[in-house]
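Colleague: The structure under discussion is supplied below as structure tokens; questions concerning it will follow.
The values are calculated or read from the model by the stated rules, or taken from the named source; none is laboratory data. Keep in mind it's a predicted model, so treat the numbers as computed, not measured. Neighbour counts run over all protein chains shown; Cβ positions are idealised from the backbone, glycine included.
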Amino acid sequence: MPILNKESPFEGQTYICSWRKQRTGYEIFLESNPSLRAHSPSWFEAEEELLNLICKENGDGEAKIVYLPPRPDGEFELKYGFPALYTISGIRAEPDIVTANLFVNGLCYKCGNPMGPRNSSILSIKNTGIKTDCCFVVIGRTFIYLFSESLLNLLIGRHWKKMNFNSVVMSGKRKDAQLYELVGKPECEFVGCSFLKHSGWECAECGSSGFGYYESNLEINKFVAYADLPNPLSQYFTVGDSNTIKICVTGKTWLSLIRPSVFKGLSGNRLGVVSDDELIRKPQLLLR
Ligand SMILES: [Zn+2]
């Protein structure tokens, strides 16, 4: 079955899907194999059904779907999805991590989050099997995002090398494409939304924390503040928290990246935008 990153041996591959609004609900189907299709009055149920079909056909129980055109906005996305923003994540890669310590003061023994900022060590990995244009590796509980040169060239232009990207040393039996690690402090921090119930916790040992919004059927799990967005809005910027930094792009840029089907393993998450009246900089979190 043709998929974006068909050479990757990993689960969690990206599948481009299309959809149609019908009188009785939504029909969703795989672009590369339209015989895999699901129909339901609710978008959520149709997507669940299609994910089950992909799992049966491909054995991929962690499939990621990218919709072309983007899925229709529900009431929630109309309220919190403007301007349309997407964070780029890609596929989880599980290489051997060679670098011993990537963070000042190391990782918290209790929660696995970094005890300080990223140090100057270069990330060195081997036996990646990575053949995608973006992916992430997990160290402790931190996600580190890696991008190919061709993706950064298109997204940012030639001056990306002057920005917050470190070369990754890659070794192993097979020569994989060179990747670059996004480092630094995010331009926009994730924030809370008073309208929704958050999930998250704070480490009683090191004080690091994380939260998101995972009520069922929501396309949006993370928010930034409208007041924090670059003005004028740039086609890409960085978002995250004290543990993670991600690239965020506008809806228009997101479409320009996924439409040509040039880049392998590209997946993204819709990001919510919250206005001042519903903004909570940091929700009250349970200590654990
Ligand atoms: Zn901790």
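Colleague: Could you tell me which residue of the stretch 116-126 is nearest to the ligand (Cβ to nearest atom), considering only residues that are part of a loop (DSSP other than H, G, I, E, B) and of a type outside the set (G, A, S)? Talk me through it step by step, then tell me what you get.
Modeller: First pass over the stretch 116-126, keeping only residues part of a loop (DSSP other than H, G, I, E, B): 116-117, 119-123.
From what's left, of a type outside the set (G, A, S): 117, 119, 122-123.
Working: P117: 15, N119: 18, I122: 25, L123: 21 Å.
Checked the stretch 116-126; the qualifying residue nearest to the ligand (Cβ to nearest atom) is P117.
Colleague: Out of the stretch 186-220, which residues are within 16 Å of the ligand (Cβ to nearest atom) and within 28 Å of Y236 (Cβ to Cβ)? Write out each step before concluding.
Modeller: Of all residues in the stretch 186-220, those within 16 Å of the ligand (Cβ to nearest atom) come to 200-211.
Result: G200, S208, S209, G210, F211.
Colleague: Restricted to the stretch 99-118, and to residues that are touching a strand residue (DSSP E or B) at 6+ places or on another chain (Cβ under 9 Å) and exposed (fewer than 15 other Cβ atoms within 10 Å of the Cβ), which residue is nearest to G240 (Cα to Cα)?
Modeller: Ranking the qualifying residues of the stretch 99-118, first place goes to P117.
Colleague: Hey, among the residues in the stretch 79-105 that are closer than 26 Å to G251 by Cα and hydrophobic (A, V, I, L, M, F, W, C), which one's nearest to the chain's Cα centre (by Cα)?
Modeller: Start the filter on the stretch 79-105 by keeping residues that are closer than 26 Å to G251 by Cα, which leaves 79-93.
Checking the rest, the ones that are also hydrophobic (A, V, I, L, M, F, W, C) come to 82, 84-85, 88, 91, 93.
Working: F82: 18, A84: 15, L85: 12, I88: 4, I91: 9, A93: 13 Å.
Top of the filtered list is I88.
Colleague: Any idea which of E75, E57, E62 is at negative phi and either surrounded by 16 or more Cβ atoms within 10 Å (Cβ to Cβ) or without any contact (Cβ under 8 Å) to a residue 12 or more places away in the chain (or both)?
Modeller: Values: E57 fails: either surrounded by 16 or more Cβ atoms within 10 Å (Cβ to Cβ) or without any contact (Cβ under 8 Å) to a residue 12 or more places away in the chain (or both); E62 fails: either surrounded by 16 or more Cβ atoms within 10 Å (Cβ to Cβ) or without any contact (Cβ under 8 Å) to a residue 12 or more places away in the chain (or both).
So the residue among E75, E57, E62 that is at negative phi and either surrounded by 16 or more Cβ atoms within 10 Å (Cβ to Cβ) or without any contact (Cβ under 8 Å) to a residue 12 or more places away in the chain (or both) is E75.
Colleague: Please specify each residue of the stretch 210-249 satisfying the condition of being under 18 Å from K79 (Cβ atoms) and either of a type in the set (V, I, T) or under 12 Å from the mean Cα position of the chain (by Cα) (or both).
Modeller: Those that are under 18 Å from K79 (Cβ atoms) and either of a type in the set (V, I, T) or under 12 Å from the mean Cα position of the chain (by Cα) (or both): I220, N221, K222, V224.
Colleague: Take the residues in the stretch 251-288 that are modelled with pLDDT under 95 and assigned to a strand (DSSP E or B), then tell me which one is farthest from D73 (Cα to Cα).
Modeller: Checking each candidate, the answer is L287.
Colleague: Taking G81 as the residue in question, decide whether it is within 16 Å of the ligand (Cβ to nearest atom) and among the small types (G, A, S).
Modeller: Working: within 16 Å of the ligand (Cβ to nearest atom): no; among the small types (G, A, S): yes.
No; evaluated as a whole, the condition is false for this residue.
Colleague: Which strands (runs of 3 or more DSSP E) sit wholly inside the stretch 184-247 and have at least 2 residues that are hydroxyl-bearing (S, T, Y) and touching a residue at least 24 places away in the same chain (Cβ under 8 Å)?
Modeller: Details: elements: 199-202, 209-212, 222-225, 236-240.
Ranges flagged: 236-240.
Colleague: Then there is this: Please give the number of the condition V239 fails out of (1) modelled with pLDDT under 90; (2) within 25 Å of G112 (Cα to Cα).
Modeller: The failed condition is (1).
So that you can scan it fast, the table gives a plain yes or no per residue for (1) among the charged types (D, E, K, R); (2) outside the structural domain of T253 (by TED's automatic domain parsing); (3) assigned to a helix (DSSP H, G or I); (4) in contact with a Phe, Trp or Tyr (Cβ under 7 Å, 6 or more places away or on another chain):
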{"residue": "V137", "(1), (2), (3), (4)": "no, yes, no, no"}
{"residue": "Y145", "(1), (2), (3), (4)": "no, yes, no, yes"}
{"residue": "L151", "(1), (2), (3), (4)": "no, yes, yes, yes"}
{"residue": "L155", "(1), (2), (3), (4)": "no, yes, yes, yes"}
{"residue": "H159", "(1), (2), (3), (4)": "no, yes, yes, no"}
{"residue": "N166", "(1), (2), (3), (4)": "no, yes, no, yes"}
{"residue": "M170", "(1), (2), (3), (4)": "no, yes, no, no"}
{"residue": "A177", "(1), (2), (3), (4)": "no, yes, no, no"}
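Colleague: Could you tell me which numbered condition G172 fails, if it satisfies all but one of (1) under 20 Å from the mean Cα position of the chain (by Cα); (2) away from the ligand (no atom under 16 Å from the Cβ)?
Modeller: (1)
Colleague: Of (1) more than 14 Å from the chain's Cα centre (by Cα); (2) under 28 Å from G116 (Cα atoms), V262 satisfies all except one. Which?
Modeller: Against the list (1) more than 14 Å from the chain's Cα centre (by Cα); (2) under 28 Å from G116 (Cα atoms), V262 comes up short only on (2).
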